[in-house]
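Written out below as structure tokens is the structure these notes cover.
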Amino acid sequence: MNPVHNPEVDGKKSIFNEQPSKWAATWREYKKCRYLFLLLAPVLMWYAIFAYGPMYGIQLAFKDFRIMDGIWGSPWVGFKHFEFLFFQSPDFLRILKNTIFISFLHILFGFPAPIILALLINEIRSGVFKRVAQSLTYLPHFFSWVILSGILITLLSPSSGVVNYLLQLVGLESVYFLGDPNHFRSTLVISAIWKEVGWGTIIYLAALAGVQPEMYEAAVMDGASRWRQTLSITLPTIMPVIVLMFILRIGNVLDAGFDQILNLYSPATYSVADILDTYVYRVGLQNFQFSMTTAVGLFKNVIAFALVLATNYMAKRFGQQGLF
């Protein structure tokens, strides 16, 4: 007598029978790559200690922190610090506006700069000149803003700076670039581009190296100019990398350049240069209001996370490969 088969039962049996085999295959794969995971262990430990470990202190944003009581012993106050920031603080809205505006300028002018420079370097045919150009543009990245700020202060000095000396030679008046609120933001953006534009070209030059030469040869046979080749071949080929970098840049929209601004601004430019990070530095480290500054940091992280998700979603909607 043939047994009666129940499709539902047989389906469940096949699922349960298949599951262990998947786990076994995965485990065999992990065992095969165990030495690679051993190499990865220091990286995982670094993230666990320095990236996820400090998240324990996020609770300070919802507590009235007292040093003697510690984090656990400090009383809970709920959203008190957030309410103060959004509705009572006389400076928070101005600081948030400065942060967004300066970051917007960095994105508007700073994000396309390494792409343009990478395209220009890619067109250089002399190998020696290409290496020299790359080295010269990379160089400022390796100097800290402490060093570069001293150089900029010397160059842009209204009394003895080289830049103002040249302006006076052509009949123009001296400009106090770092002390005049009308010129401070533009000075920030230009100096930030000068420092990081060369370093930012590395990933785009790597992407350009992956463009197949046959595509350019076919375009030349069709009579396409270099400009047409750039628009029709080069940019579409590296567009996934551009989208990926743009998503990551949007995630840092509330990071307007703490090191740079801290070393360049002064009380005369607080009205246009004071950002969230400098506010956290002054209030948190100088006035010991750790709970307040933790609330500001948590606010930044939540906004950044939401912007990354939104930008990634929009990139996928327009047919590009997102971050995840």
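Details
- Of all residues making up the stretch 50-93, the number that are in a helix (DSSP H, G or I) and open to solvent by less than 80 Å² (accessible area, probe 1.4 Å): 18
- Checking each residue in the stretch 244-267 for being in a helix (DSSP H, G or I), of a type in the set (A, V, I, L, M) and open to solvent by 20 Å² or more (accessible area, probe 1.4 Å) picks out Leu244, Met245, Leu248, Ile250, Leu262.
- Considering only residues in the stretch 268-308 that are over 29 Å from Gly70 (Cβ atoms) and surrounded by fewer than 15 Cβ atoms within 10 Å (Cβ to Cβ), the one that is nearest to the chain's Cα centre (by Cα) turns out to be Ala306.
- Answer residue from the stretch 94-130, given it is assigned to a loop (DSSP other than H, G, I, E, B) and over 20 Å from Val241 (Cα atoms) and is most open to solvent (accessible area, probe 1.4 Å) among those: Arg125
The values are calculated or read from the model by the stated rules, or taken from the named source; none is laboratory data. Predicted, not measured: the structure shown is a model, and the values here were computed from it. Neighbour counts are summed over all protein chains in view; Cβ atoms, including those assigned to glycine, are modelled from backbone coordinates with ideal geometry. To get the accessible areas, we keep the full protein, side chains included, count just its heavy atoms, and leave off ligands, DNA and RNA. Shrake-Rupley method; radii C 1.70, N 1.55, O 1.52, S 1.80 Å.
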